[in-house]
Amino acid sequence: MMIKREPILAAIFVCGLFACCGCNAPIPNDVPSGKIAVVLTFDDGPIGEEVSASDILKNDSENKEVFLKPLNRILDTLANHNAQAVFYILGPGNTAPTDELKRLYAKGIESIHQRGHILGYHAYSHDFMIWTSLLNIPSIGKTEMFADLLRLKNFIDDVMNIIGAKQSDYFTKIFRQPYGGMGKGWIEGENVSFWLGWTYHGFDIDSGDWIGTNVHTKFNRNLNGFADERKHTNYVIERIRKGASKWSKAKVVDILFHVNSFTSNHLDEWMGEIKSSFELASGRDVLFVVPDSYLRISDPVTDESVSTDMAVSFVEDLIGR
């Protein structure tokens, strides 16, 4: 099916004019004095980044809910810490959205909502060529991003029909694009977010929990020595400590995590580290909450230091350290 780009661009340009109004509004002071709000954000749910939608459909097991185990463990850990978080939902990508897959999504989305967390938008397809490619002409790139997010919204509508609720009853109009908009892509992504009337977010601290946890980054696991799980876990702790020092004066800090087994296994330890590191660095108590300002004020800041670390490791590996 060919997408007629001109009508789409005309429509979203008009929407963008209204969405941008107030984008310079002052940030409300909704974090109590003596507190620092740490917003834990999780990309790629509800199924997670370790398996593709096609892998799930090929699996012969009758109990497909086993693929929600990482999500459910993360939800349990958050509950143990009395924490509220944000989950940016990823669609099935190139896999045909069967009824079976939609039911699995419905179960995961319902669980997130019932636990009191915020549901936001990530993408239908985590395609590098859509979201980060430097080869795209900006106008074409924005059209492709917009089309992808429309597919995501339509897919979520189908999922919400299974739940028996409206999308607006569960989802908040917040958006984080794949790869956090690293490189050129964030400009187009933020524009598309405004066209849709969504709040756009990068992330202040990249935990690095994603390295080697999906098919696209498995080579990074060996490159950085993260085949040793304890070494990878300690790397995340190191990133938390550095981030606490860097953002010690902030009122709200966004830490990027992902829905995967590695994170579900170690989140409890990391949350303890977040609390102690931020309280030491800031002299304030940590609140694991999602302030209203986070939901209403866009912030395109993206932490690219993990990519820098990987590039350094790659060069060191080439020259034999």
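Every read-out reported here was derived from the displayed coordinates using simple, explicitly stated rules and does not represent laboratory data. Please read these numbers as outputs of a predicted model, since none were measured by experiment. Using ideal geometry, Cβ is built from the backbone for each residue, glycine included, and neighbour counts are taken over all protein chains shown.
What number, in percent, do you get for the relative contact order of region 34-318 if the mean sequence gap of Cα pairs under 8 Å and at least 6 apart is divided by its residue count?
Across region 34-318, relative contact order equals 29 percent.
FRET efficiency for S276 and A79, Cβ-Cβ distance as r, R0 = 22 Å, nearest 0.05?
It comes to 0.65.
Where nothing but the Cβ of Lys and Arg (+1) and of Asp and Glu (-1) is charged, how large is the charge dipole of region 151-207 around its Cα centre, in debye to the nearest 20?
Approximately 120 debye in magnitude.
What list of whole percents do you get for P(r) of region 93-170, with Cα-Cα distances grouped in 5 Å bins up to the one holding the largest distance?
Per 5 Å bin, starting at 0, the Cα pair percentages come out as 3, 14, 23, 21, 15, 11, 8, 4, 0.
Classify region 34-318 from the C-alpha gyration tensor, please: rounded if a/c falls under 1.5, else prolate or oblate depending on whether a/b exceeds b/c.
rounded
With +1 assigned to the C-beta of every Lys and Arg and -1 to the C-beta of every Asp and Glu, and no other charges, what is the dipole magnitude of region 34-318 about the Cα centre in debye, to the nearest 20?
The dipole magnitude comes to about 600 debye.
Give the order of H266, H201 when sorted by the count of other beta carbons within 10 angstrom, beginning with the fewest.
Ordered from fewest to most neighbouring Cβ atoms within 10 Å, H266, H201 come out as H266, H201.
Mind giving me the FRET efficiency for E304 and S248? R0 is 22 Å, r the Cβ-Cβ distance, nearest 0.05 is fine.
The value I calculate is 0.65.
So which lysines pass the test for K251, namely a Cα distance under 26 Å, with those fewer than 8 places away in the same chain ruled out?
Filter leaves K35, K173, K242, K275.
Test of understanding: ordering L149, L40, L280, L196 by Cβ neighbours within 10 Å, fewest first, what list do you get?
With the sparsest Cβ surroundings first, the list reads L280, L196, L149, L40.
Could you tell me what a quarter of the Cα convex hull surface of region 139-183 works out to, in nm² with one decimal place?
Averaged projected area of region 139-183's Cα convex hull equals 3.8 nm².
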